[in-house]
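Remarks on the structure that follows.
The values are calculated or read from the model by the stated rules, or taken from the named source; none is laboratory data. Predicted model, so just to flag it, every value in this text is computed and none were measured. Glycine gets a Cβ as well: all are built from the backbone with ideal geometry, and neighbour counts include every protein chain shown. We work out accessible area using only protein heavy atoms, side chains counted, and drop any ligands, DNA or RNA first. Shrake-Rupley method; radii C 1.70, N 1.55, O 1.52, S 1.80 Å.
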Number of protein chains: 2
Amino acid sequence: MSHQPLIDYFNKFIPLTEEEQSIVEEVFNERKIKRRQFILNEGDVSFVNTFVVEGCFRMYTVDDKGKEHNLQFAVENWWIGDIGSFHSEEPSKLYIEALENSIVLQIKKEDQLRLFVEYPKFNQIFRVFTENALVSSQRRTLQNISSTAEERYLDFMKRYPHFFNRISNVQIASYIGVTPEFLSKIRKEITSK
Amino acid sequence: MSHQPLIDYFNKFIPLTEEEQSIVEEVFNERKIKRRQFILNEGDVSFVNTFVVEGCFRMYTVDDKGKEHNLQFAVENWWIGDIGSFHSEEPSKLYIEALENSIVLQIKKEDQLRLFVEYPKFNQIFRVFTENALVSSQRRTLQNISSTAEERYLDFMKRYPHFFNRISNVQIASYIGVTPEFLSKIRKEITSK
DNA sequence: AAATAATCTTAATGTAGATTAAGATTTCTG
DNA sequence: CAGAAATCTTAATCTACATTAAGATTATTT
């Protein structure tokens with residue numbers, strides 16, 4: 001029954017037939033993930049793509065000094081995965097960790113490619129949401145080279161109010177690219193205005 | 001005859017039939033663009049998608065202090081356009097300017113959408129290269145929050161040797177997110193190592 | 001060819017954010 | 001519930017990069 005959020009998600013792009021819906025139920029596997037559990041580790045190839053039904057994840061790298069840098073968060077109805085590694089089958093440089101107890105639906109690469117071939121509608125669905133992801137990513141790129149940390153923090157709060165409170169300030173700092181100490185300072189300045 | 005580079009480009013993803021090739025020739029329009037000419041201005045809606053046959057472009061924003069920030073370059077066989085504005089039909093915040101005299105093939109939004117409906121193969125092609133663009137964009141995002149300017153400059157040189165010399169240092173500085181002065185300093189340090 | 005504009009370089013001074021250090025508070029675990 | 005761990009806050013000092021200024025060099029325009 002937990003495939004319904006994913007089917008609803010796809011239906012928002014293009015309505016699925018009954019047959020397509022049952023294929024989705026067949027090829028997407030449900031998993032329960034505990035808080036702090038990893039679904040991807042650096043060095044592994046990412047053979048699955050993941051849709052979040054319940055819970056929250058972060059995807060991050062660790063630099064040569066051991067510092068973590070958050071690339072993405074994902075909550076309900078979001079996708080998360082290293083698409084570079086998924087398609088190239090090269091070892092990923094990313095980790096994906098659950099920030100909360102979560103439920104996900106995962107599809108194996110071979111099943112996803114089969115889906116694209118047998119049901120071309122999914123090519124369109126995935127194209128559209130990949131384009132949306134690219135627009136977001138480009139906006140973030142521009143912010144990182146043109147905005148102050150405070151502007152980035154305020155934009156994050158404004159853009160993601162529905163999950164902003166579920167993420168610790170340490171993780172948010174790592175996402176906007178500053179230290180937790182500096183984020184604390186920014187927050188103090190904001191509340192004194 | 002200048003549709004051939006685009007047809008070759010598509011063929012690298014999936015071979016096109018003769019019919020698909022002639023459709024491409026029909027819906028993509030060739031334009032000659034002079035150096036410094038704009039093909040998109042802030043405030044306009046981007047109703048076209050652009051494939052570069054010859055030449056070089058940059059896509060950039062201007063911040064509230066008047067400073068330019070380069071989001072993307074595009075040379076032969078690359079796409080350039082504001083996909084956010086293209087799909088949402090909202091006014092773009094971006095400019096696209098030719099850095100050299102150029103030749104492009106452009107498709108109108110309505111033609112592109114028709115292409116997706118009538119020839120679903122193009123959904124797959126566009127999905128794949130959009131995924132590639134997203135992977136690049138995410139890598140750049142991580143660099144911007146974790147690497148020094150020098151590392152970013154060296155990575156840019158290494159990653160794009162085929163067009164690195166066609167772009168001025170001022171534009172490269174604006175792309176990696178530093179001032180031209182600082183880039184000059186970095187380059188001096190690199191040559192003294 | 002001369003004039004103009006753009007680019008590149010150099011260096012002193014300033015600043016947003018990092019690092020280091022540590023205490024206070026909150027959350028998690030057994 | 002007590003102890004441990006994680007998070008959050010605070011502040012002094014440091015640093016990567018920005019700003020300001022200007023000269024040298026190269027490219028473009030007339």
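What percentages make up the Cα-Cα pair-distance distribution of the range B:78-178 when the bins are 5 Å wide from 0?
That works out to 2, 9, 15, 20, 20, 16, 11, 6, 2, 0, in percent per bin.
Return the calculated 222 nm mean residue ellipticity for the protein assembly as shown, to the nearest 500 deg cm²/dmol, obtained by summing -39500 (n - 2.57) across DSSP H runs with n ≥ 4 and dividing by the residue count. Spell out each step's value before the answer.
Numbers: 18 runs with 194 residues, N = 386.
That comes out to -15000 deg cm²/dmol.
Can you tell me the relative contact order of the range B:4-119? Whole percent, Cα pairs under 8 Å, sequence separation 6 or more.
In percent, rounded to a whole number, it is 37.
How far is the Cα center of the range B:99-117 from the Cα center of the range B:1-53, in Å?
What the calculation gives is 4 Å, centre to centre.
Grab the beta carbon distance between B:LYS32 and A:HIS87, set R0 = 45 Å, and tell me the FRET efficiency rounded to 0.05.
Calculated value: 0.80.
Let me see the P(r) profile for the range B:85-127: every Cα-Cα distance counted, bins of 5 Å, each bin given as a percent of all pairs.
With 5 Å bins starting at 0, P(r) equals 5, 16, 19, 21, 19, 15, 5, 0.
Given R₀ = 45 Å, FRET efficiency for A:GLU42-B:THR179 by Cβ-Cβ distance, to 0.05? It would help to have the intermediate numbers written out before the result.
Values: r = 34 Å, r/R0 = 0.75.
The formula returns an efficiency of 0.85 here.
If a/c stays under 1.5 just call it rounded; otherwise compare a/b with b/c (prolate if a/b is bigger, oblate if not). Do that for the protein assembly as shown, with a ≥ b ≥ c from the square roots of the Cα gyration tensor eigenvalues.
oblate
Along its principal axes, what span do the Cα atoms of the range A:132-189 show, with the longest given first and each in whole Å?
32, 25, 16
Please give the contour-minus-distance gain from A:SER168 to A:ASP155: 0.36 nm per residue of separation, less the Cα-Cα distance, rounded to one decimal in nm.
In short, 3.1 nm is gained.
Given A:HIS69, B:ASN123, A:GLY81, which one lies farthest toward the positive end of the charge dipole of the protein assembly as shown, if we put +1 on the Cβ of every Lys and Arg and -1 on the Cβ of every Asp and Glu?
So the residue we want is A:HIS69.
Tell me which of A:ASN165, A:TYR95, A:SER22 sits at the most positive position along the dipole axis of chain A, charges placed on C-beta atoms (Lys, Arg +1; Asp, Glu -1).
A:ASN165
Indicate the residues belonging to the range B:140-181 that lose 10 Å² or more of solvent-accessible heavy-atom surface (probe 1.4 Å) upon moving from the chain alone to the assembly of all protein chains, ignoring ligands and nucleic acids.
Relative to the lone chain, where solvent access is computed with a 1.4 Å probe, the range B:140-181 loses at least 10 Å² at B:ARG140, B:THR141, B:LEU142, B:ASN144, B:ILE145, B:SER146, B:GLY177.
For chain B, just the Cα set please: Rg and Dmax, both in angstrom.
Cα only, chain B: 17.8, 58 Å (Rg, Dmax).
Post the alpha-carbon centroid distance, the range B:60-94 to the range A:150-187, in whole angstrom.
26
R0 = 41 Å: FRET efficiency of B:ASP64 with A:ASN77, Cβ-based, nearest 0.05?
On the way: r = 34 Å, r/R0 = 0.82.
That gives a FRET efficiency of 0.75.
Out of the total accessible area of chain A (probe 1.4 Å, heavy atoms of protein only), what percent is carbon and sulfur?
Its accessible area is 51 percent carbon and sulfur atoms.
Can you list residues whose amide H is under 5 Å from A:VAL45's amide H, if they're 5+ apart or on another chain and H is modeled 1.01 Å from N?
The list, which skips near neighbours in sequence, is A:SER92.
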